[in-house]
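Here's the structure, in structure tokens; my notes come after.
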Amino acid sequence: MIYKENAVVQKSVDFAIRIVEYCEVLEEKRKYVIATQLLKAGTSIGANIHEAQNAEVGPTSFTK
């Protein structure tokens, strides 16, 4: 699937890169638990955006 440029996607990628770099610093300081949690939370944003962009729209996507 071809995606057109999207500011939210680009910002989430930039943010994820910064998170990964910062987590490397935290790991050097032996802050493993917070680094792991921050890495998971910070990089999941892009996955959530991707999922939202590919969500089906219609009556079958609603639950009661």
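The values are calculated or read from the model by the stated rules, or taken from the named source; none is laboratory data. Since the structure is predicted, the reported quantities are computational estimates derived from the model, not experimental observations. Every residue, glycine as well, gets a Cβ built from its backbone with ideal geometry; the counts of neighbours run over all protein chains shown.
Any residue in the range 37-64 that is assigned to a loop (DSSP other than H, G, I, E, B) sitting within a Cβ distance under 6 Å of a residue that is aliphatic (A, V, I, L, M) and modelled with pLDDT of 95 or more? List the pairs, counting only those 6 or more apart or interchain.
Hits for this filter: zero, empty list.
Given the condition loosely packed, with under 13 Cβ neighbours inside 10 Å, among the basic types (Lys, Arg) and farther than 18 Å from GLN53 by Cα, answer yes or no: does some residue in the range 1-17 qualify?
Within the range 1-17 (the criterion being loosely packed, with under 13 Cβ neighbours inside 10 Å, among the basic types (Lys, Arg) and farther than 18 Å from GLN53 by Cα), the answer is no, since none of the residues qualifies.
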